[in-house]
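Quick notes on the structure that follows.
The values are calculated or read from the model by the stated rules, or taken from the named source; none is laboratory data. Quantities reported herein were computed from a predicted structural model and do not represent experimental measurements. Using ideal geometry, Cβ is built from the backbone for each residue, glycine included, and neighbour counts are taken over all protein chains shown.
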Amino acid sequence: MNAQEKYTDQELIEKILNKETAIFELIIRRNNPYLYRIGRMYRFSHEDTQDLMQETYIEAYTHLHQFENKSSFRTWISKIMLHQCYHKAQKWYTKHIESLENNSQIIANLQDTETSSYVMNKELNSIIEKSLLNIPEDYRTAFTLREINGLSVQETAEVLEISENNVKVRVNRAKTYLRKEIEKFYVNEEIFEFNLIYCDRMVSRVINKIKEISS
């Protein structure tokens with residue numbers, strides 16, 4: 001059993017709160033894929049998403065004592081990431097209204113993209129990602145948390161602060177936007193994949209920032 005699997009989230013939190021700061025690395029590695037997908041789901045670039053992830057981890061670290069274990073840690077940290085994304089998006093939209101209007105035709109063109117039966121898996125994943133980005137935000141968020149990040153209906157409802165029934169409705173509506181031939185072939189783990197090399201860099205970034213905070 002490797003270190004990633006050895007401890008539960010709660011055991012890791014207790015160790016970190018007892019000044020074993022270095023073990024926060026396991027928290028980062030365990031949650032990188034989920035936070036990355038949330039950032040990309042919000043249409044942020046790879047670089048911006050990494051910045052948001054770092055901010056989320058620092059926020060989680062500095063408020064770790066407030067985690068009450070009433071829901072899963074993944075639910076808790078996903079909620080922090082969503083808040084970070086929301087606030088950044090609000091600032092971005094305020095500054096780039098004209099750009100968004102100019103890009104509306106580009107977005108419309110993406111909706112018209114046709115796929116062929118010979119498209120390879122990597123191309124399919126790219127098309128799925130673009131299709132997801134065209135789904136209304138409420139549906140896209142619920143779909144990403146529930147279907148791609150694997151949160152339960154209850155956990156998704158907690159993160160989004162909506163009813164479980166509403167989660168099911170949003171996820172089902174999201175699916176109607178995806179063409180049946182695409183939906184049959186998508187691989188959850190490969191959508192908005194966070195490569196291992198970026199995972200190592202994220203660990204380094206966050207741990208260095210924590211050292212600055214702690215010094």
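Among residues belonging to the range 10-27 that are touching a Leu at 6+ places or on another chain (Cβ under 9 Å) and touching a residue at least 60 places away in the same chain (Cβ under 8 Å), point out the one that is farthest from residue 156 (Cα to Cα).
Step by step, filter the range 10-27, then rank; the result is 24.
Identify the residue in the range 151-179 that is touching a residue at least 60 places away in the same chain (Cβ under 8 Å) and part of a loop (DSSP other than H, G, I, E, B) and, among all such residues, is farthest from residue 33 (Cα to Cα).
Top of the filtered list is 179.
Residue by residue through the range 56-74, note down the ones that are surrounded by 19 or more Cβ atoms within 10 Å (Cβ to Cβ) and either of a type outside the set (Ser, Thr, Tyr) or within 12 Å of the chain's Cα centre (by Cα) (or both).
Correct list: 56, 60, 73, 74.
Has the range 36-45 got any residue that is out of contact with any Cys (no Cβ under 8 Å at 6 or more places or on another chain) and assigned to a loop (DSSP other than H, G, I, E, B)?
yes
Please verify whether residue 183 is under 13 Å from residue 41 (Cβ atoms) and modelled with pLDDT under 80, treating the condition exactly as stated.
So residue 183 fails the test.
Among (1) more than 22 Å from residue 84 (Cα to Cα); (2) at pLDDT 80 or above; (3) of a type in the set (Phe, Trp, Tyr), which single condition is residue 143 missing?
(1)
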